[in-house]
Structures are given as C-alpha cells and as structure tokens.
Amino acid sequence: MSERTLVIRARRTVTPSGERPAAVVVRGSVIAAVEAFDAVVPGAEEVHLAGDEVLLPGLVDSHVHVNDPGRTEWEGFRSATRAAAAGGVTTLVDMPLNSIPPTVDVAALETKRKTARDQIWTDAGFWGGAVPGNVPDLRPLHEAGVFGFKCFLSPSGVEEFGHLDRAQLDAAMREIASFGGLLIVHAEAHDAVGAAHGRDYRDFLASRPREAENRAVREVVELSGATGCRVHILHVSSAEVVPIIAQARAGGVAVTAETCPHYLTLTAEDIPPGATQFKCCPPIRERDNREQLWAALRDGVIDLVVSDHSPSTVALKRLDSGDFGEAWGGISSLQLGLPLVWTHGRARGFGLSDVVRWMAQAPAAQTGMRRKGRIEPGCDADFCVLAPDEEFVVVARSLHHRNPITPYEGQRLSGVVRSTWLRGERIDLGAPPRGRMLVRDET
C-alpha cells in the first residue's frame with residue numbers, strides 16, 4: 001500500500017528561512033517537500049488553512065514536570081500531554097522529578113516509560129537525574145536513551161532528589177563529559193538561598209536573590225570549562241547571569257540557556273499579597289529585569305523559551321493561607337506558553353519566526369532532536385495551526401492541566417491554537433492517544 005500524501009497550503013508558513021506562502025507536502029508521517037503555495041501535487045489530499053491562520057512547526061517543550069508515577073494527582077501523562085497538544089506543543093521532555101521514583105537509574109526510567117505508554121497525546125522523551133551517589137548510573141541512563149541529566153545546586157523541594165555540592169557536581173560533570181552527554185542545571189547557590197514565610201511577596205523574593213543564581217552560574221561555567229562537560233542553564237530569572245553566560249561562551253565554554261514565559265510576562269511589582277499562584281523558584285523578578293531578559297533573547301545569549309511546567313495540587317499552593325514560605329513553588333503554563341510569548345513578544349517588536357526559533361527550533365536542537373521543531377524536508381510532520389490575531393481570556397477551569405490554578409487567570413492573550421498535528425495527522429483529544437516515546441539520537 002502506498003503512503004498517504006497530504007498537502008497543507010498556508011499563506012503564512014514559518015520555515016527556518018523565514019515566513020512565506022507554502023504548500024507543505026507530507027508523505028506518511030514525514031515532510032517530503034516545502035513547495036510554492038500553488039504547486040501541483042497529483043493525488044494528494046488537500047488541507048487549506050484559513051486566511052487568518054499561520055502554519056508553525058509543532059513546539060518542543062524540553063522542560064516539563066509530569067510528576068507521573070508517584071504524584072499523578074499533581075499532573076500525569078494524560079493531562080499533561082492533552083494540555084501540551086491544546087497549546088501547540090507536539091514534543092515534550094519530562095523532568096526526572098517530581099515523580100516517584102525519580103529518574104536516577106535505568107530501572108526508574110523503565111518505570112517511567114511503562115507509565116507513559118499508551119497515554120500520551122504528544123511525543124515524549126525523558127531527562128535523567130544527577131543526584132548524590134548516582135555517578136555509576138549516569139552512563140547506563142545515557143545508553144538507555146535519556147536526553148541528558150538534570151541536577152540542582154540547592155534543595156529541589158522533594159527529599160528523593162537531592163542537590164549536588166561542588167565536589168559532587170565536578171564528579172558528575174567529568175563522568176557526563178566522558179560520554180559526550182549534557183548536564184542541565186537548576187542554578188541557585190544553596191548557601192545564598194534563605195528561608196521565607198508570610199504573605200508579602202517581597203520577602204519571598206528577598207530570600208532567593210539574584211546573587212544566588214549569579215554565583216551558581218559562575219560555578220557551573222567554571223567547572224564546564226575545566227571538565228569539558230556541555231551544560232545548559234535552566235529557567236534563567238536573573239538578568240545578571242546574561243553577561244556571565246556570554247563571556248563563558250566567548251571563551252569556548254559549551255553553555256546554553258533558557259528562560260520561561262513567567263519570567264518574560266510577569267513582574268514582582270504586580271504580585272499581590274498572598275498570591276501564591278505566582279510562586280516559583282527561582283522567583284519572578286522586577287520589571288527592569290524582565291526587559292533585560294527580552295534583550296538577552298534578542299541578542300541570542302538566551303537560546304530558548306520553555307514552560308518549566310511545574311504543577312501541584314491546589315492545596316499545596318496554600319491559597320488559603322497565602323504563605324509564600326509554605327506554598328509549592330511552580331507554575332503551570334504548558335498550554336499557555338505560545339500565546340503568552342507571542343502576546344508579549346509582539347508588543348516588543350518580535351515576530352512569529354522569533355517565537356518559533358525560541359520555542360520549537362532551539363529546544364529541538366538543544367536536545368539533539370534532528371527531526372523536530374522545523375518545517376523542513378525530512379522532519380516529522382508536526383504542526384501547530386495558529387490564529388495569531390484571535391484573542392481569548394484565560395480561564396483556569398477550561399485548561400487541560402489537572403489542577404485548575406494559574407497566575408494568568410483573567411488575562412487577555414492573542415494567539416489561538418486552532419489545531420495541532422503529530423506526524424501528519426491532526427491530534428484528536430477525543431480519540432485514543434498516539435504519541436510515541438522518544439529516545440536520544442533516534443529523533
């Protein structure tokens with residue numbers, strides 16, 4: 001039986017070379033060609049996008065806490081991947097915590113894969129974890145196909161995923177460098193993070209100062225230079241680390257960096273007392289800091305934008321007491337990342353090509369996914385159909401996230417995802433899930 005041929009025609013198609021009218025030819029599950037808009041493709045099924053729609057590659061979110069198994073009441077693969085698909089994300093990479101067991105050895109990875117099987121609407125890969133005492137497990141995890149290893153330099157918030165001191169970090173980096181792996185780092189210095197309590201956000205912000213990030217990033221890039229280990233700085237919130245990263249990169253250190261929608265769209269000055277739905281670690285900082293992060297994206301020092309989707313139950317957010325010290329630190333934004341970044345990016349003069357570079361192309365490249373994140377021949381036929389000018393108001397209970405809590409409640413955003421396509425077929429959330437589990441170097 002011959003493979004199905006599909007042509008998607010869009011007056012606006014975002015490709016690696018820019019935005020243009022195009023006919024995207026799909027054979028089976030793969031993009032076969034990107035032709036002129038009116039190209040004739042005999043025998044093909046035809047899909048014509050509406051005049052107000054833009055064809056984007058499916059987004060790649062490489063920073064998602066699914067929390068499954070073990071804390072499925074916080075999220076879970078079914079709800080997380082439904083939210084991802086609804087938000088135009090076709091590929092995610094799951095963090096090694098806050099699941100139980102954490103993904104710190106091959107047995108735990110197999111448990112994670114068994115849990116995810118047959119309940120993912122998007123494709124999904126997995127990060128491994130680097131924790132005290134598991135250096136011997138790092139190479140086996142790499143050989144089993146994880147995309148890299150996450151570590152913390154301060155307490156993670158869960159007892160089963162410990163943080164690394166300098167000697168443990170050095171040992172992990174030397175081992176990871178020996179097989180060409182990647183270390184991704186939650187960079188806050190342990191001894192620079194203080195205790196917080198009460199309803200005043202300013203007290204919480206003061207407990208996790210910029211210097212906590214700055215010191216940790218300095219240490220990471222110093223050890224990266226000494227060990228040759230590739231490193232990636234997670235969820236940059238302090239704009240003061242930008243020159244540290246730029247200088248290290250100019251000196252030959254293999255370092256990349258990401259930031260998140262909440263650091264680009266929210267500000268400390270606007271967080272009311274007791275509004276613990278805004279708590280995350282590292283914290284949302286001041287307005288001037290936010291604008292410097294946008295500048296770092298413009299300059300290419302920050303490479304990508306990912307959600308750091310870190311959900312919990314409503315009870316754990318302590319909305320009743322509003323105590324920032326007691327509340328779980330994490331923001332659920334997997335479904336909202338694209339409209340958030342587009343709404344605020346467009347206001348600063350960025351285009352959809354920029355958003356696609358940050359949220360699809362760069363995360364795919366950073367994780368080594370050769371067939372994801374681009375509308376280009378040979379890539380998987382993963383697409384997001386976006387109506388960029390259509391507006392909507394965020395209502396937490398209408399989102400697919402398991403727990404209806406968001407700091408974006410009531411915000412008016414631009415950019416409605418009309419449909420999401422995975423490997424040449426439109427994702428139907430009413431049908432059985434057909435996502436695949438991904439293995440490093442096979443995507």
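The values are calculated or read from the model by the stated rules, or taken from the named source; none is laboratory data. Since the model is a prediction, treat every value here as computed from it, not as a measurement. Neighbour counts run over all protein chains shown; Cβ positions are idealised from the backbone, glycine included. To get the accessible areas, we keep the full protein, side chains included, count just its heavy atoms, and leave off ligands, DNA and RNA. Shrake-Rupley method; radii C 1.70, N 1.55, O 1.52, S 1.80 Å.
Find how much the distance from residue 73 to residue 107 grows on full extension, using 0.36 nm per residue of separation minus their present alpha carbon separation; answer in nm with one decimal.
10.0 nm
Residue by residue through the stretch 244-258, what is 3J(HN,Hα) from phi via Karplus (6.51 cos²θ - 1.76 cosθ + 1.60, θ = phi - 60°)? Round to whole Hz and write x for glycine and proline.
5, 5, 4, 5, 4, 5, 4, x, x, 6, 7, 10, 10, 8, 10
For the stretch 144-294, what Kirkwood radius comes out of the mean inverse Cα-Cα distance, in Å?
Evaluated on the stretch 144-294, it is 16.0 Å.
Rounded to the nearest 0.05, what FRET efficiency do residue 46 and residue 353 give with R0 = 25 Å and r taken as the Cβ-Cβ distance? Could you check?
The pair residue 46/residue 353 has a calculated efficiency of 0.45.
What order, most packed first, do the peptides 332-343, 185-196, 71-82 have when packing is the mean number of other Cβ atoms within 10 Å of each residue?
The peptides rank, most packed first, as 332-343, 71-82, 185-196.
Need one number: convex hull volume per residue for the chain, Cα atoms only, in Å³.
Taking the convex hull of the Cα positions in the chain, it is 130 Å³ per residue.
Step by step: find N for the stretch 30-107, compute 2.2 N^0.38 Å, then divide the Cα radius of gyration by it. What's the final number?
My calculation over the Cα atoms of the stretch 30-107 gives 1.61.
What does the extension gain come out to for residue 35 and residue 398, with contour length at 0.36 nm per residue minus their alpha carbon separation?
126.9 nm
For the stretch 317-443, restrict the atom set to alpha-carbon positions and state the Rg and Dmax in Å.
17.0, 53
I'd like the FRET efficiency for residue 429 and residue 203, computed as 1/(1 + (r/R0)^6) with the beta carbon distance as r and R0 of 41 Å, rounded to 0.05.
0.50
Run the helix sum for the chain: -39,500 (n - 2.57) per DSSP H stretch of 4+ residues, divided by residue count, reported at 222 nm to the nearest 500 deg cm²/dmol.
-7500 deg cm²/dmol
Mind checking the angle between helix 287-299 and the chain's longest principal axis? C-alpha axes, 0 to 90 degrees, to the nearest 10.
Its long axis makes an angle of about 50 degrees.
With the other protein chains left in place, how much accessible area per residue, in square angstrom, belongs to the stretch 209-261 at a 1.4 angstrom probe?
33 Å²
Amide H neighbours of residue 62 under 5 Å, at least 5 residues apart or on other chains, H built in the peptide plane: list them.
For residue 62, whose amide H was placed from the backbone, the distant partners under 5 Å are 93, 307.
Quick one: P(r) of the stretch 329-395 from all Cα-Cα pairs, 5 Å bins, percents rounded to integers, in order of increasing distance.
Distribution as computed: 3, 14, 23, 23, 19, 12, 5, 1, 0 percent.
Using +1 at the C-beta of Lys and Arg and -1 at the C-beta of Asp and Glu, which of 163, 180, 192 has the Cα lying farthest in the positive direction of the dipole of the stretch 147-201?
Positive-end residue among those listed: 180.
Ignoring ligands, DNA and RNA, what percent of the 1.4 Å accessible area of the chain is carbon and sulfur?
49 percent
Collect residues whose amide H, placed 1.01 Å from N in the peptide plane, falls under 5 Å from the amide H of residue 126; neighbours closer than 5 in sequence don't count.
94, 147
Once you place label points 7 Å from the Cα toward the Cβ at residue 411 and residue 20, how far apart are they in nm?
Taking the simple label geometry, residue 411 and residue 20 are separated by 3.4 nm.
Of the chymotrypsin sites (Phe, Trp or Tyr not before Pro) in the stretch 116-161, which ones lie in a loop per DSSP and count no more than 13 other C-beta atoms within 10 Å?
Loop-located and lightly packed - none at all.
Using the Karplus equation 6.51 cos²θ - 1.76 cosθ + 1.60 (θ = phi - 60°), what ³J(HN,Hα) coupling, rounded to whole Hz, does each residue of the stretch 364-373 give in order, writing x for Gly and Pro?
Here the 3J(HN,Hα) series is 5, 5, 5, 8, x, 8, 6, 10, 10, x Hz.
With every protein chain present, what is the per residue accessible area of the stretch 347-393 (1.4 Å probe, Å²)?
Per residue, the stretch 347-393 has an accessible area of 34 Å².
Among residues other than residue 73 whose Cβ falls under 14 Å from its Cβ, what is the net charge (Lys/Arg +1, Asp/Glu -1)?
Residues close to residue 73 contribute a combined charge of +2.
At what distance in angstrom do the alpha carbon centres of the stretch 378-443 and the stretch 63-82 lie from each other?
The stretch 378-443 and the stretch 63-82 have Cα centres spaced 15 Å from each other.
Using a 1.4 Å probe on the protein heavy atoms only, what accessible surface does residue 417 show? Give it in Å² to the nearest 10.
30 Å²
Pull out the extension gain between residue 270 and residue 298, defined as 0.36 nm times the separation in residues minus the alpha carbon to alpha carbon distance; nm, one decimal.
Between residue 270 and residue 298, full extension yields an extra 7.6 nm.
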